[in-house]
1. How many of the residues in the range 37-71 are on the phi < 0 side of the Ramachandran plot and not in a helix (DSSP H, G or I)?
2. Do we have Asp100 as open to solvent by 30 Å² or more (accessible area, probe 1.4 Å) and part of a helix (DSSP H, G or I) here?
3. Only one of these is surrounded by 16 or more Cβ atoms within 10 Å (Cβ to Cβ), modelled with pLDDT of 95 or more and not in a loop (DSSP other than H, G, I, E, B): Leu74, Leu8. Name it.
4. Is it true that some residue in the range 31-53 is in contact with a helix residue (DSSP H, G or I) (Cβ under 6 Å, 6 or more places away or on another chain), in contact (Cβ under 8 Å) with a residue 12 or more places away in the chain, of a type in the set (D, E, K, R) and open to solvent by 30 Å² or more (accessible area, probe 1.4 Å)?
5. Given the residues Glu31, Glu85, Glu22, which is the only one that is more than 10 Å from the chain's Cα centre (by Cα) and modelled with pLDDT of 95 or more?
Amino acid sequence: MTRTHKQLSDALRGEGERHRNEVHFRARGWEYGYTADIYLVRRRAVVEVDGPSHYGRERRDRIRDNKFREDLGLPTIRITNSEIERDAGRAARKILYKLDRLR
């Protein structure tokens, strides 16, 4: 877990949002499993922290996001490292707001 991932995890916890970090998912028909940075348990949603490890992997990330949504019914919210570094609490509230708008 990166430093910014931990900051976001702590901020989500501060907002009272139950979640798990680094959760591995697998579904029927998938060639292999995928690991989500954060899984929001009550909301049944995935949060991905987009840092340097995601640069150049945008196509692969879109495929994974689609698999989470289509095969598991889990929406994915993406947030950048820089948003978390600026204000982790605000980043957490932004994620929760986006999820509220999806429902």
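The values are calculated or read from the model by the stated rules, or taken from the named source; none is laboratory data. Not measured: the values here are computed from a predicted model. Cβ atoms come from the backbone with ideal geometry, glycine included; neighbour counts cover every protein chain shown. Areas reflect the complete protein model, heavy atoms only, side chains present, ligands, DNA and RNA absent. Shrake-Rupley method; radii C 1.70, N 1.55, O 1.52, S 1.80 Å.
1. Total satisfying the criteria: 16.
2. Taking the combined requirement at face value, the residue satisfies it.
3. Exactly one of Leu74, Leu8 is surrounded by 16 or more Cβ atoms within 10 Å (Cβ to Cβ), modelled with pLDDT of 95 or more and not in a loop (DSSP other than H, G, I, E, B), namely Leu8.
4. Scanning the range 31-53 turns up at least one residue that is in contact with a helix residue (DSSP H, G or I) (Cβ under 6 Å, 6 or more places away or on another chain), in contact (Cβ under 8 Å) with a residue 12 or more places away in the chain, of a type in the set (D, E, K, R) and open to solvent by 30 Å² or more (accessible area, probe 1.4 Å).
5. Sole residue among the options that is more than 10 Å from the chain's Cα centre (by Cα) and modelled with pLDDT of 95 or more: Glu85.
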